[in-house]
Amino acid sequence: MENAEVVAMLGEIADLLELTDENPFKVRAYRRAAQVVDTLPVPVAELVRKGELAGLPGVGTHTAERITQFVGAGTCDELERLRGKVPSGVMELLRIESVGPKTAALVWKQLGITSVDALEEAALSGRLSELPRMGAKRSEAIASAVTRHRSRKGRVPLHRALPYAEDLVDRLRAIPGVKQAMAAGSLRRRKETVGDLDLLVSSTNPERVVAAFPKLPGVATLLAQGPTKSTVRLRVGLQVDLRVLHPESFGAALHYFTGSKAHNIAVRTRALHRGLKVNEYGVFDAKGRRIAGEREEDVFRAVGLPWIPPELREGLGELEAAEAGRLPELIEEEDLRGDLHVHSEASSDASSSLLELASAARGFGRSYLAITDHSRSRPLGLDDARLWEHLHTIRWMDQELRGRPHLLAGIEVDILPNGSLDLGDEVLSELDCVVASVHSRFNMSSEEMTERIVRALRTGLVHVLGHPSGRLIGSRDPYPYDLERVLEVAREQGVALEVNAQPERLDLTDQACRLAKQAGVKLVISSDSHNAQHLENLRYGVWVARRGWLEAGDVLNTLPLSELRRRFRRPRRAPSWSHEAPGTSP
DNA sequence: GCCGTTTTCGGCCCGACTGTTTTCAGTCG
């Protein structure tokens, strides 16, 4: 039972309750519980087993009962009871923009509409506009929303959205009268995917900004416009919300629109307890006087907290940590001294030479670089003999470079389905940095995959477990494995887990980083570059690490090379006289 | 349905925009 299934169940109950016109606070309670389970770093089934469910915030006795029943039986009475009252097609109507529970229930009860197709037909034929508070414009809006619904793409990976946000912010800053412009929302929190862009501007002349915004390059359609707010869709499909504020409110708005929702509710609730009110215009005391708003840190100070970095604002204990003075000192990109997972043209799927990689790394200020090409199971990957040769080339190049940067001889060795490594012990034990990764047979059971990884970690030859879950954002799910068990063995073996910074991977995830830290396992942040430009991608890994509450001390490639080498030293397994390679004697 | 620095009962974050109304309900973030 995946947590996502429980989240879906709780969300479905909330939707069904809304459609049956239940108490909105009950609806909200289910939504909150769903969110809590969604951000849970451990399997919810495990909490069920331990009887710890009701200890979660927002999960009381009733919700705990529903979850327990659902985990055991795959459904629960409350869900089935509600499903019996609402046709399933009506549920799908809620996924359509501008159609909420009231509208869905209205068209269902008044017109007998129970499918998206029927809704579209009613909108186009004019039947829809005969309903109360339904006119021609709404019908039209619903019809076009149905079209978009059918071709909907989900959330966009951060690295795709970021350039659009940066470009728009630059253009907004150039509008006369604009004092500040920033991107907020999940983009500022550096979430791995972004739903839409939230842009904020402070200006003494809001009308001018709102008027200029829809005319910016890349904008396809204007969706909504008021005196201080404008919503557009870009040609690439991204929706962008713009809010214009007076400078005295900019900090409060920045805080509010950065979210997350859970974080905001926690801050507002905290403010209420102190007799204060927080909205996007500021923090106000009981007499309605503004006591903060211009700067974000003032908003936090007004509710008795230090400034909290956006990456932590997920409602996952950051307020409590801030209150106790125990916020982590989050890792920064500048803390990273090297990159421990880089492919050269010696791997079939990579394109840069050692020299190109070295000079690019120097440009990014890295002092060391591990060259980790693929092993023989991958097409044209290195076998033992070619790796010996490659190793000597790297050593030679390292001498030539004189530490600008240092090159480490490494490998990304496949973990074969039986858990053994794809190359011989002799050559592996000679390398400075062995990254071991799963690249095949993703469809094993969780037990088999866990055993496979555990066996690899126990060879005593592995320094780093590469992209531990194998996922590709939006295209390949992580393979199932028992993270806690892997962490346990990684700690026992002194193996680090990789935060793969390839923006399509971001693997480990933020939550898994936090668990690894709690389990006492070290991490590395690696670019997995396949050409020299990719070396820049480390920043995406840093953002994941920050969202996982990591500090510089949790990440091994913040260490100077000498200390890193000490960490990576291991007892020799094979006698060192046996691995003379062909053609490599001095 | 959840929860307690005002509460074991009675509250629950807050505001902008649209469309359809003629004062506001619904949706969204």
Enumerate the pairs (first residue in region A:430-444 and touching a residue at least 24 places away in the same chain (Cβ under 8 Å); second residue anywhere and hydroxyl-bearing (S, T, Y) and surrounded by 24 or more Cβ atoms within 10 Å (Cβ to Cβ)) with beta-carbon separation below 6 Å, excluding pairs fewer than 6 apart on the same chain, so at least 6 apart or on different chains. A:V435/A:T372
Using beta carbons and a limit of 6 Å, which pairs, at least six apart or on different chains, have the first residue in region A:372-401 and at positive phi and the second one in a loop (DSSP other than H, G, I, E, B) and surrounded by fewer than 19 Cβ atoms within 10 Å (Cβ to Cβ)? A:L380/A:S348
All but one of (1) buried (at least 21 other Cβ atoms within 10 Å of the Cβ); (2) in contact (Cβ under 8 Å) with a residue 24 or more places away in the chain hold for A:N418; state the number of the condition that does not hold. (1)
Selection status of A:V59, within 18 Å of A:E5 (Cα to Cα), surrounded by 14 or more Cβ atoms within 10 Å (Cβ to Cβ), assigned by TED's automatic domain parsing to the domain that holds A:V36 and modelled with pLDDT of 90 or more: yes
Test for A:T269: is it closer than 30 Å to A:P328 by Cα, out of contact with any helix residue (DSSP H, G or I) (no Cβ under 9 Å at 6 or more places or on another chain), modelled with pLDDT under 95 and within 10 Å of DNA strand B (Cβ to nearest atom): yes
Looking only at residues in region A:123-146 that are in a helix (DSSP H, G or I) and touching a residue at least 24 places away in the same chain (Cβ under 8 Å), which one is nearest to DNA strand B (Cβ to nearest atom)? A:R138
If A:E356 satisfies every condition in (1) at negative phi; (2) assigned to a loop (DSSP other than H, G, I, E, B); (3) over 25 Å from the mean Cα position of the chain (by Cα); (4) surrounded by fewer than 23 Cβ atoms within 10 Å (Cβ to Cβ) but one, which is the exception? (2)
Based on this model, can you work out whether A:I142 counts as under 18 Å from A:L19 (Cβ atoms), crowded, with 17+ Cβ neighbours inside 10 Å and over 37 Å from the mean Cα position of the chain (by Cα)? no
Selection count where residues are more than 13 Å from DNA strand B (Cβ to nearest atom) and either part of a loop (DSSP other than H, G, I, E, B) or more than 21 Å from A:K26 (Cα to Cα) (or both), scope region A:69-87: 9
For region A:165-196, what are the residues that are closer than 19 Å to A:E294 by Cα, buried (at least 22 other Cβ atoms within 10 Å of the Cβ) and more than 13 Å from DNA strand B (Cβ to nearest atom)? A:A181
Among the residues of region A:97-116, write down those that are part of a loop (DSSP other than H, G, I, E, B) and either away from DNA strand B (no atom under 12 Å from the Cβ) or more than 14 Å from A:A141 (Cα to Cα) (or both). A:G112, A:I113, A:T114, A:S115
So which of A:I371, A:I453 ends up being surrounded by 15 or more Cβ atoms within 10 Å (Cβ to Cβ) and over 21 Å from A:L559 (Cα atoms)? A:I453
With the requirement that a residue be crowded, with 18+ Cβ neighbours inside 10 Å and over 28 Å from the mean Cα position of the chain (by Cα), what does region A:69-81 give you? A:C76, A:E78
Condition set more than 22 Å from A:K137 (Cβ to Cβ) and within 12 Å of DNA strand B (Cβ to nearest atom), scope region A:214-239, selection nearest to the chain's Cα centre (by Cα): answer is A:L238
Subset of region A:155-211 [among the acidic types (D, E) and under 18 Å from A:F250 (Cα atoms)]: A:D170, A:D198, A:E207
Is it true that A:V59 is closer than 30 Å to A:Q511 by Cα, near DNA strand B (Cβ under 9 Å from one of its atoms) and not charged (D, E, K, R)? yes
For A:P306, state whether it is under 14 Å from A:G185 (Cα atoms), more than 9 Å from DNA strand B (Cβ to nearest atom) and either in contact with a helix residue (DSSP H, G or I) (Cβ under 8 Å, 6 or more places away or on another chain) or not assigned by TED's automatic domain parsing to the domain that holds A:A211 (or both). no
Tell me, which helices (runs of 4 or more DSSP H) wholly within region A:182-292 include 2 or more residues that are under 28 Å from A:R32 (Cα atoms)? A:185-188, A:250-258, A:261-273
Screening A:T228, A:T193, A:T204 for residues that are in contact (Cβ under 8 Å) with a residue 60 or more places away in the chain and among the β-branched types (V, I, T) leaves only A:T193
A:Q511 passes all but one of the listed conditions (1) surrounded by fewer than 21 Cβ atoms within 10 Å (Cβ to Cβ); (2) over 27 Å from A:R155 (Cα atoms); the exception is number (2)
Please enumerate the residues belonging to region A:1-39 that are touching a helix residue (DSSP H, G or I) at 6+ places or on another chain (Cβ under 6 Å) and more than 14 Å from DNA strand B (Cβ to nearest atom). A:M1, A:N3, A:V7, A:D38
Looking at A:E333, A:E318, A:E329, A:E345 in this structure, which one is assigned by TED's automatic domain parsing to the domain that holds A:A532 and more than 10 Å from DNA strand B (Cβ to nearest atom)? A:E345
The correct count of residues that are over 30 Å from A:A122 (Cβ atoms) and touching a residue at least 40 places away in the same chain (Cβ under 8 Å) in region A:76-103 is 2
Subset of region A:410-433, residues closer than 18 Å to A:I453 by Cβ and not in a strand (DSSP E or B), comes to A:L416, A:P417, A:N418, A:G419, A:S420, A:D422, A:L423, A:L428
Residues located in region A:247-262, provided they are on the phi < 0 side of the Ramachandran plot, modelled with pLDDT of 90 or more and within 11 Å of DNA strand B (Cβ to nearest atom): A:S249, A:A252, A:A253, A:Y256, A:F257, A:T258, A:S260
May I ask you to list the residues in region A:292-321 that are of a type in the set (A, V, I, L, M) and under 17 Å from A:L254 (Cβ atoms)? A:A292, A:V299, A:A302, A:V303, A:L305, A:I308, A:L312
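The values are calculated or read from the model by the stated rules, or taken from the named source; none is laboratory data. As the structure is a prediction and not an experimental result, all values here were calculated from the model. Don't worry about glycine lacking a Cβ; one is built from the backbone with ideal geometry, like all the others, and counts go over all protein chains shown.
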